[in-house]
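Taken together, the values in this text are just the output of simple stated rules run on the coordinates, not laboratory data. Since the structure is predicted, the reported quantities are computational estimates derived from the model, not experimental observations. Note that each Cβ is placed from the backbone with ideal geometry, even for glycine, and that neighbours are counted across all protein chains shown.
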């Protein structure tokens with residue numbers, strides 16, 4: 001079956017991986033120009049999924065990783081077709097099934113990366129093995145000593161914020177009945 005997966009985030013990639021393993025021909029369509037960029041969700045790890053095969057590439061710890069690097073690593077290992085800077089509506093008729101993995105959340109989050117030991121108290125904190133820590137909040141991002149190394153904005157629900165929740169959602173979407 002030819003299946004179109006909309007969205008090249010961790011949800012889309014894990015959905016595509018699952019479907020590819022079942023023998024389907026998969027194409028991922030992404031409106032952005034690059035997989036994993038810009039970062040729009042936390043690299044929070046809860047331990048529900050085994051990420052050890054990517055550990056050396058993503059600065060994996062028991063609480064965090066570089067989410068964008070995980071998406072790139074997953075994509076590199078998945079032999080499917082990727083269409084970047086493409087809208088699904090322009091190609092959707094060419095597929096037997098379409099799975100939209102994009103989020104409909106409206107909760108806006110502000111995130112930033114700083115050095116370990118400089119992190120403020122925020123709702124989501126994910127430590128990385130490279131000595132950095134990622135912080136996310138629904139309020140204004142507080143200032144930190146030395147300034148933020150990177151800042152980002154995302155729209156997501158807190159219960160679906162983790163890397164593990166995104167991967168699990170992709171696997172779940174892949175297992176829904178094929179129509």
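Observations
- The value of relative contact order for segment 115-179, using C-alpha pairs under 8 Å at least six residues apart, is 21 percent.
- Antiparallel DSSP beta bridges within the chain, as percent of all bridges there, nearest 5: 55
- Stokes-Einstein D for the chain, Kirkwood Rh over Cα pairs, 25 °C, 0.890 mPa s (µm²/s): 147
- Cα gyration tensor shape of segment 106-179, rounded if a/c is under 1.5, else prolate or oblate by comparing a/b with b/c: prolate
- FRET efficiency for the pair residue 118 and residue 32, taken as 1/(1 + (r/R0)^6) with r the Cβ-Cβ distance and R0 = 35 Å, rounds to 0.70.
- Once the Cα-Cα distance is subtracted from the 0.36 nm per residue extended length, the residue 87 to residue 46 segment shows a gain of 11.5 nm.
- Relative contact order (%) - the chain, alpha-carbon pairs under 8 angstrom, separation at least six: 32
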